[in-house]
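Working notes, structure below.
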Amino acid sequence: MKNSTKKSLYLWGGSFLALGLLVWGLARMSGGYNSGTFNAVPLDLTSAAEFEHVKGPMDAGVTIVEYSDFQCPYCKQAVPVVEQILAEYPDTVNLIYRHYPLRQAHAQTQLAAEVSEAAGRQGKFWEMHDVLFANQEKWSGNLGARSIFEAYAEALELDVALFKTDLQDRALAEKVQHDYESGNDAGVRGTPTFFINGVKLKVPSYAGFVEAINTELDRLEEVRESTINAGESGSNPETVGTDAPTAE
């Protein structure tokens, strides 16, 4: 089914999610898409914006959850791929970004994650996300990274004084750690790692995303059609009977 023909069909799937009828798991497995079993981790999309960083429509039928590290070169390489996917599925796919800092390998990754959270408090998480990845080589391995990050905050027209104050708030580190632990629970072992509606994506390439997303959209369409057919059958007077108590 072509992407253009799926728009209206899978907005229904997004409503299905928003109503809380679909709760997915984050895979604890090493296999590819639609293989293995996974443990459920509730995620209510209607309130996700309160604690998650979401890009794209909240009623999208398909959600990509990304575990990433701002200092990881492979994560940087994945950015344009994900952006292309979001551009090609503007109404049916959204993205949730979660931190998975590889602290032992990347000295500045924890601070970079907290920097993005501080920017997020001023409504510019995604802008800082883009700046950090675009300039990764400039601050990665740089002992003066904090000053560089403050310059980025100024360039993004943040309240720099507030930004610096927020960086002292342990709540930012706790948010990053929460993301990291959720990744561990989901079986994440490296970055970037992606899940498509809770199922781990084996190959995070453009083709891999397209295959996984289209498979999930087709599944949602099958669910939609089954629900409609069940409703039509239930409303047919020839197929519906009612047992009533017999009056004595």
How would you order 185-197, 142-154, 100-112, 203-215 from highest to lowest mean count of nearby Cβ atoms within 10 Å? 185-197, 100-112, 203-215, 142-154
Entries in LYS76/LYS200; LYS138/LYS202; LYS124/LYS200; LYS175/LYS200; LYS55/LYS138; LYS124/LYS202 that, when Cα-Cα distance is taken, lie over 24 Å: LYS138/LYS202; LYS124/LYS200; LYS55/LYS138; LYS124/LYS202
Given points 7 Å out from each Cα along the Cα-Cβ axis, report the ALA173 to ASP130 separation in nanometres with one decimal. 3.1 nm
Relative to the present Cα-Cα distance, how much length would full extension add between GLU150 and ALA107 at 0.36 nm per residue of separation? 13.7 nm
Positive end of the charge dipole of segment 46-186 (Lys, Arg +1 and Asp, Glu -1 on Cβ, about the Cα centre): tell me which of ALA105, PRO57, TYR74 has its Cα farthest that way. ALA105
Counting C-alpha atoms alone, how compact is segment 120-178: give Rg to one decimal and Dmax as a whole number, in angstrom. 11.5, 29
Rounded to whole angstrom, the alpha-carbon centroid of segment 51-74 lies from that of segment 169-205 at a distance of 10 Å
Can you tell me how much longer the chain between VAL210 and ALA230 gets when fully stretched, taken as 0.36 nm per residue apart minus their C-alpha distance, in nm with one decimal? 4.2 nm
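Write down Rg/Rh for segment 45-146, rounded to two decimals, with Rg from the C-alpha atoms and Rh from the Kirkwood relation over Cα pairs.
Numbers: Rg = 13.9 Å, Rh = 14.2 Å.
Result for segment 45-146 is an Rg/Rh of 0.98.
Where a number appears in this text, it was derived from the coordinates with a stated rule and is not lab data. The model shown is predicted, which means the values in this text are computed figures rather than measured ones. No Cβ is skipped: glycine too gets one built from the backbone with ideal geometry, and neighbour counts run over all protein chains shown.
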